[in-house]
Amino acid sequence: MNSGNHFSAVVRSPAQYRSMDHRIWSKLPAELLEHILSFLPLKTFLNLRSTCKGFRSLIFSPSFIAKHSSSSSPFSSFILLCHPQFHRHFPLYDCTLGTWRNISLSFSDLFHSSHPSPLLSSSGGLFCLSDSPSSSSLLVCNILAMTSRRIEFPTYSSHFEHLTLVSTPNGYKIFMLCSGSASNNAFVYDSNTLSWHRFDANFDLILSDNSHQQGVFYNGGLYFTTPEPFSVVRFDLESRKWERSQGLLPIQLSFVRLVSEGENVLYLVGGIGSNGISRSIKIWEMDDESGNWVELESLPDMMCRKFVSVCYHNYEHIYCFWHHGMICICCYTWPEILYYKVSRRTWHWLPRCPSLPHKWSCGFKWFSFVPKLYALV
């Protein structure tokens, strides 16, 4: 009888376990509560911001941000899928769990307009968007902290190319080219001075006409490729000068893209073939001393055939980006990503998003998203 009574005294229903006396939480030290909150998954963290004023003030307090403002993020890293028909709701692929998450980011609270606004670039936990289709401004935001900054265009023309957001430990910069009737101008926005710097872009270097490929940040500069005959050019973000890379590119290239592992390594992704048709796809790594490209890996034949077939040899639809140890190769007209895991030297296909309608055949744009609470706008 005693053992039975003891058993009934300690066994409670799940509902009883879910309820907790508020007096326990009210006496919990702030340091311990901060530590507990740092382990929350992204979905719970996003919901917690609107739970109560106390939690919100705590997670956005200087002490909490200071403790978690390291290079490593307490959250998983994600690949974000953008499509014109998603209307600011973007599905996320969790690279840690290897699956699509049942959460979507929404930028609606950051906009005053009801019109969809294109997502243009991402870097260091920040996103850069067009404020609205008819607007003359950009919006840089930290969706995790729900902070944003509206940045007016430096000219009346909103036609820009190669817009690239670059996040550094000392702030962020935005690079873009603006085409005008008389000349082309390049602009760099510096978050430290909150101003644009304009300079003449009438250089003898013609950048790639691929509208889906951004500049690649490496060694203090942005790297771009030029159309055939292919070459690599660099724009120094400090001196604002252009220079052409002297390294020899591989021969028989049918297309070429650049990817950088932060400040560590610069990669080249390209197709090898003739008459505008790729027979193979390879990855090269730049040798810092000579500036030449050293072959790193070749895409397996069957995977290469699939990728070449889905882009129909329209290589202007191909773009690449770096994400958390992966070189991602994408096609604007295909809803899957081909990626190379550098540490394991293996190739994979990212599974198709289950919420994506099969009738959508183009407009797929992918971005790297590593949530960072402390990234300032």
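FYI, it's all coordinate maths here, none of it is from the lab. In this text the structure is predicted, and so the values were computed from the model without any measurement. Positions of Cβ are backbone-derived with ideal geometry, glycine not excepted, and every protein chain shown enters the neighbour counts.
Points worth noting:
- Estimated at 0.36 nm per residue, the fully extended path between residue 85 and residue 240 surpasses their Cα-Cα distance by 52.1 nm.
- As a proxy for reagent exposure, 241, 372 were ordered by neighbouring Cβ count within 10 angstrom, fewest first; the result is 241, 372.
- Spin-label model, residue 146 to residue 359: label points 7 Å out along the Cα-to-beta-carbon direction sit 3.5 nm apart.
- For 341, 173, order by how many other beta-carbon atoms lie within 10 Å, fewest first: 341, 173
- Cβ-to-Cβ counts within 10 Å put 299, 268 in ascending order as 299, 268, the fewest first.
- Charge tally around residue 364: other residues with Cβ under 14 Å, Lys/Arg +1 each, Asp/Glu -1 each, net +2.
- Annotation: extensible slack from residue 277 through residue 32 equals 82.2 nm (criterion: 0.36 nm per residue apart, minus Cα-Cα distance).
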